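K.L.:
Supplied in structure tokens, the structure appears directly below.
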Amino acid sequence: MSGDLDAMKAAAVHALNYRAGDGERSPVPTAGASELRTAFGIGLPERGRPAAEVIDLLIRAAEPGLTGNTTPNFYAWVMGASHPVGVAADWLTSAWGQNAAIYQCSPAAAVAEEVAAEWLLDLLGLPPESSVGFTTGATMAGFIGLSAARSEVLRRSGWDLERDGIQGAPLIKIFISEEAHSTMFAALRYLGMGHGNLVMIDADEQGRMRVADLERKLAAEEGPRIIISQAGHINSGAFDDFERLTDLARAYDAWLHVDGAFGLWAQAAPDYAHLCRGVERADSWTTDGHKWLQIPYDSGFAIVRDAAAHRRAMDITASYLTHDTDDGRNPTHFGPELSRRARGFAVWAVLQALGREGIRELVTRHCVLAARIAERLGAEPGIEILNDVCLNQLAVSFGHGLPAEQKAQSVQAVAADLAKSGRFFVKTSDWKGHKILRISVISKDTDEQAADNLSEAIIAAWRRVRNEAA
Ligand SMILES: *Cc1c(COP(=O)(O)O)cnc(C)c1O
């Protein structure tokens with residue numbers, strides 16, 4: 001036993017040193033899959049190894065293959081940096097071994113979620129009567145929000161989904177932008193809604209839903225309706241026009257869902273909240289804790305105004321799961337799992353550590369830095385910023401004026417040049433027929449200096465690429 005406890009101490013000491021090196025460490029993994037397979041593939045022993053040795057082996061096997069999203073130089077995807085206070089709370093969560101299934105499994109876990117849920121609704125400016133499910137991320141949160149939507153729009157059409165299932169139910173018309181996040185399409189698939197039955201809505205040059213197209217298609221379709229909108233496009237950061245979307249949703253008795261995995265946090269920053277105007281009038285929202293809020297993985301939130309619909313879609317009942325308690329909220333009412341990690345402790349802890357001001361500062365700083373990078377890069381001949389930088393996302397193209405194929409090659413060459421140094425982690429993507437360098441300013445320690453270093457490195461890389469091509 002004491003040997004096993006030594007493993008916890010060794011891990012803690014190592015973790016402290018690891019995180020103390022966040023500022024200097026390369027964010028790019030150095031090991032490839034075959035090296036990692038060799039390092040991890042040490043065979044399953046017949047007799048267990050000593051605890052401290054296991055932790056030591058794990059550290060040596062894993063670290064070359066870790067991505068540095070806890071460093072300030074990580075821009076590749078929208079990924080948070082695991083706030084140390086959240087990590088500490090997560091350690092305790094594991095050490096306490098709590099199961100957040102129902103209130104009685106862990107009263108503390110249930111009440112931590114209940115309280116953190118109230119704070120989240122307040123920070124996000126969402127209706128206080130909404131229910132909140134604590135999930136693995138925005139994908140599962142989207143699944144939950146759309147499950148509630150499906151149940152409720154069918155109920156309004158006289159169909160009891162929980163009793164009669166999806167077979168034979170009225171066809172639900174799903175209105176979704178062609179630029180919705182891929183995980184929304186996945187969530188729809190899990191719910192039995194196939195691609196061929198979706199009503200696709202055109203998007204504008206920033207990836208926003210074209211409201212006139214939505215309006216036309218809403219008027220042309222009959223039956224129960226769900227509209228899926230977005231706060232924060234993954235390439236442009238753009239927001240749908242929630243004021244007009246909520247008006248339309250009301251006019252057509254449609255359920256409006258908002259995928260706000262990171263963008264919904266604009267609500268917590270006064271200079272950016274206008275981007276979300278009207279969002280609080282939607283029916284369900286999804287957002288992540290592990291992106292902008294820097295809560296350690298995994299952490300997402302499914303928020304539903306109609307708590308009864310949320311619970312109807314997700315409830316698990318059994319005689320041994322006593323729900324007859326007045327004591328507190330049962331976490332399993334609001335998500336698909338029964339047994340799960342007590343995610344609320346880390347959420348509660350990070351919200352306390354950041355406070356309103358910390359969250360405001362974090363979101364504001366990242367948006368200001370994105371604009372700063374855009375200004376620097378945009379001033380360099382041949383570099384083009386393809387999006388209106390309204391939030392923390394940049395879509396950058398190189399070789400302005402060249403044919404599309406050469407531009408795509410330039411983007412790849414700049415990305416490869418940047419990768420060689422190992423100082424920054426940036427990725428390419430494809431958007432609207434363009435190859436782009438995609439930059440997300442999202443890591444909690446990214447500051448002005450880090451952003452300027454990135455801008456300078458990108459400009460230097462582009463100059464090398466341009467000179468080589470000349
Ligand atoms: C990241 C993201 C998702 C998926 O979130 P996960 O937490 O990875 O499950 C959904 N929508 C948008 C807009 C995102 O950025």
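The values are calculated or read from the model by the stated rules, or taken from the named source; none is laboratory data. Everything numeric in this text was worked out from a predicted model, so none of it was measured. Methodologically, a virtual Cβ is constructed for each residue, glycine included, from the backbone with ideal geometry; neighbour enumeration extends over all protein chains shown.
K.L.:
Counting only residues that are of a type outside the set (D, E, K, R) and over 30 Å from V13 (Cα atoms), give me the helices (runs of 4 or more DSSP H) lying completely in segment 91-201 with at least 2 of them. Don't jump to the end; show me each part of the working.
P.N.:
Details: elements: 107-124, 138-156, 161-164, 182-190.
Where helices (runs of 4 or more DSSP H) fall fully within segment 91-201 and carry at least 2 residues being of a type outside the set (D, E, K, R) and over 30 Å from V13 (Cα atoms), they are 107-124, 138-156, 182-190.
K.L.:
Let me ask something else. If you check every pair at least six apart or on different chains, which have Cβ atoms under 6 Å apart with a residue in segment 165-188 that is closer than 21 Å to A212 by Cα first and a residue that is surrounded by fewer than 16 Cβ atoms within 10 Å (Cβ to Cβ) and of a type in the set (A, V, I, L, M) second?
P.N.:
E178/M200
K.L.:
How many residues does segment 367-386 contain that are free of Cβ contacts under 8 Å to residues at least 12 places away in the same chain and in contact with a Phe, Trp or Tyr (Cβ under 7 Å, 6 or more places away or on another chain)?
P.N.:
Qualifying residue count for the region: 0.
K.L.:
Name the residues in segment 410-455 that are without any contact (Cβ under 8 Å) to a residue 12 or more places away in the chain, in a helix (DSSP H, G or I) and not small (G, A, S), would you?
P.N.:
Let us first name the residues in segment 410-455 that are without any contact (Cβ under 8 Å) to a residue 12 or more places away in the chain, namely 416, 420, 430, 449.
Then drop every residue that is not in a helix (DSSP H, G or I), which leaves 416, 420, 449.
Of everything in segment 410-455, those that are without any contact (Cβ under 8 Å) to a residue 12 or more places away in the chain, in a helix (DSSP H, G or I) and not small (G, A, S) turn out to be K420, Q449.
K.L.:
Determine which member of the set L146, L66, L57, L120 is surrounded by 14 or more Cβ atoms within 10 Å (Cβ to Cβ), in contact with a Phe, Trp or Tyr (Cβ under 8 Å, 6 or more places away or on another chain) and either more than 20 Å from W348 (Cα to Cα) or not β-branched (V, I, T) (or both).
P.N.:
L120
K.L.:
Exactly one of (1) over 16 Å from the mean Cα position of the chain (by Cα); (2) within 16 Å of the ligand (Cβ to nearest atom); (3) under 30 Å from V426 (Cβ atoms) is unmet by A261. Its number?
P.N.:
(1)
K.L.:
Only one of (1) of a type outside the set (F, W, Y); (2) in contact (Cβ under 8 Å) with a residue 12 or more places away in the chain; (3) surrounded by fewer than 15 Cβ atoms within 10 Å (Cβ to Cβ) is not met by V389, so which one is it?
P.N.:
All conditions pass for V389, except number (3).
K.L.:
With the structure loaded, tell me whether G125 is within 27 Å of L214 (Cβ to Cβ) and surrounded by 22 or more Cβ atoms within 10 Å (Cβ to Cβ) or whether it fails that test.
P.N.:
Values: within 27 Å of L214 (Cβ to Cβ): yes; surrounded by 22 or more Cβ atoms within 10 Å (Cβ to Cβ): no.
Considered against the rule, which asks whether it is within 27 Å of L214 (Cβ to Cβ) and surrounded by 22 or more Cβ atoms within 10 Å (Cβ to Cβ), G125 comes out as no.
K.L.:
Of all residues in segment 383-393, which are farther than 14 Å from K435 by Cβ and of a type in the set (A, V, I, L, M, F, W, C)?
P.N.:
I385, V389, C390, L391
K.L.:
Could you say which residue among S397, S455, S421 is among the small types (G, A, S) and loosely packed, with under 15 Cβ neighbours inside 10 Å?
P.N.:
S421
K.L.:
Same structure, new question: Could we say that A10 is farther than 29 Å from A109 by Cβ, surrounded by 15 or more Cβ atoms within 10 Å (Cβ to Cβ) and touching a helix residue (DSSP H, G or I) at 6+ places or on another chain (Cβ under 8 Å) here? Explain how you work it out, then say what you get.
P.N.:
Details: farther than 29 Å from A109 by Cβ: no; surrounded by 15 or more Cβ atoms within 10 Å (Cβ to Cβ): yes; touching a helix residue (DSSP H, G or I) at 6+ places or on another chain (Cβ under 8 Å): yes.
Answer is no for this residue.
K.L.:
Further question on the same structure: Restricting to segment 127-148, give me the number of residues that are more than 16 Å from the ligand (Cβ to nearest atom) and closer than 13 Å to H310 by Cα.
P.N.:
4
K.L.:
Still on this structure, I have one more. Go through segment 3-61 and give me each residue that's modelled with pLDDT of 95 or more, basic (K, R) and within 26 Å of A89 (Cα to Cα).
P.N.:
Scanning segment 3-61 gives R19, R60.
K.L.:
Look at L437 and say whether it is on the phi < 0 side of the Ramachandran plot and modelled with pLDDT under 95. Explain how you work it out, then say what you get.
P.N.:
On the way: on the phi < 0 side of the Ramachandran plot: yes; modelled with pLDDT under 95: no.
Against the criterion (on the phi < 0 side of the Ramachandran plot and modelled with pLDDT under 95), L437 does not qualify.
K.L.:
Examine segment 302-314 for a residue that is within 16 Å of the ligand (Cβ to nearest atom) and at pLDDT 95 or above, and state whether such a residue exists. It would help to see each step written out before you state the result.
P.N.:
We begin by selecting, within segment 302-314, every residue within 16 Å of the ligand (Cβ to nearest atom); these are 302-303.
Checking which are at pLDDT 95 or above leaves us with 302-303.
Yes, there is a match, as at least one residue in segment 302-314 is within 16 Å of the ligand (Cβ to nearest atom) and at pLDDT 95 or above.
K.L.:
Then there is this: I'd like to verify a number: residues in segment 179-208 that are loosely packed, with under 13 Cβ neighbours inside 10 Å and either within 16 Å of the ligand (Cβ to nearest atom) or farther than 30 Å from S236 by Cβ (or both), how many?
P.N.:
Of the residues in segment 179-208, 2 are loosely packed, with under 13 Cβ neighbours inside 10 Å and either within 16 Å of the ligand (Cβ to nearest atom) or farther than 30 Å from S236 by Cβ (or both).
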